[in-house]
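Values in this text are rule-based calculations from the coordinates and carry no lab data. Because the structure is a prediction, the values reported are computed rather than measured. Here the Cβ positions follow ideal geometry from the backbone for every residue, glycine too, while neighbour counts run over all protein chains shown.
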Amino acid sequence: GAEGVGPVAIQSLVRFAQDRDMVKAAKQLAKSILIQGDDGATVAKKNAFSFSSGAGTSSEGPLFGLKVVFTGAIEGYTRVQAHNMAKAMGAIATPPSVTKSTNLVVQGDGGGNKVRKAQEMGVKVVSAEDWLQQVNDFNLLPD
């Protein structure tokens, strides 16, 4: 194995490399992160989301540290794909329900109770269309 990398880490990397969706998301994410040269000057930066949260900064990914909940159907995507897109943009969790620690709810077709609960709790709600536009802006959708 590689020096300093144990068998568990290697197995995890192999599983990751075999998941085409995750590899694609990682490649797209790599194109979108803040890169600084040796002199501290920014070489490349892209930030599609601007949700305010004490959990992170835009330079750490547009959803860095946020908990994103999905409700309803997002046309053309499975729930797993939606969760993977959120995580590729820095979300730390995609829980099944809205709680006081939820930062964002994405409302697809047929979403209802979670949206009402989010609104009652003051959690930001975005439509699936707006979500997909932001994901597209972050270069996670195929051309």
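For region 67-138, what is the percent of antiparallel DSSP beta bridges, rounded to the nearest 5? Please report the intermediate quantities before stating the final value.
Numbers: 2 of 11 bridges.
Of the beta bridges lying entirely in region 67-138, close to 20 percent run antiparallel.
Based solely on C-alpha atoms, express the radius of gyration and the Dmax of region 67-138 in angstrom.
Cα only, region 67-138: 11.0, 30 Å (Rg, Dmax).
Please compute the net charge surrounding residue 22, taking Lys and Arg as +1 and Asp and Glu as -1 over other residues with Cβ under 13 Å from its Cβ. Show your work: numbers first, answer last.
Values: positive: 15, 20, 24, 27, 87; negative: 19, 21.
Overall, the nearby charge balance is +3.
Would you mind checking the pairs 27/100; 24/117; 27/114; 87/117 and listing those with alpha carbons more than 29 angstrom apart? Provide the component values of the computation, followed by the final result.
Working: 27/100 33 Å; 24/117 34 Å; 27/114 32 Å; 87/117 23 Å.
Where the Cα-Cα span goes over 29 Å, the pairs concerned are 27/100; 24/117; 27/114.
Would you be so kind as to identify which of 102, 133, 74 lies farthest towards the positive end of the dipole of region 73-143, taking Lys and Arg as +1 and Asp and Glu as -1 on Cβ and the Cα centre as origin?
Farthest towards the positive end: 102.
Could you work out the local net charge near residue 95, counting Lys and Arg as +1, Asp and Glu as -1, over the other residues with Cβ closer than 11 Å to its Cβ?
Values: positive: 67, 114; negative: none.
Around residue 95, the surrounding residues sum to +2.
Could you sort the peptides 83-89, 94-100 by per-residue average Cβ neighbour count (10 Å cutoff), highest mean leading? Walk me through the intermediate numbers first.
Working: 83-89: 21.7, 94-100: 13.3.
Top of the packing list down: 83-89, 94-100.
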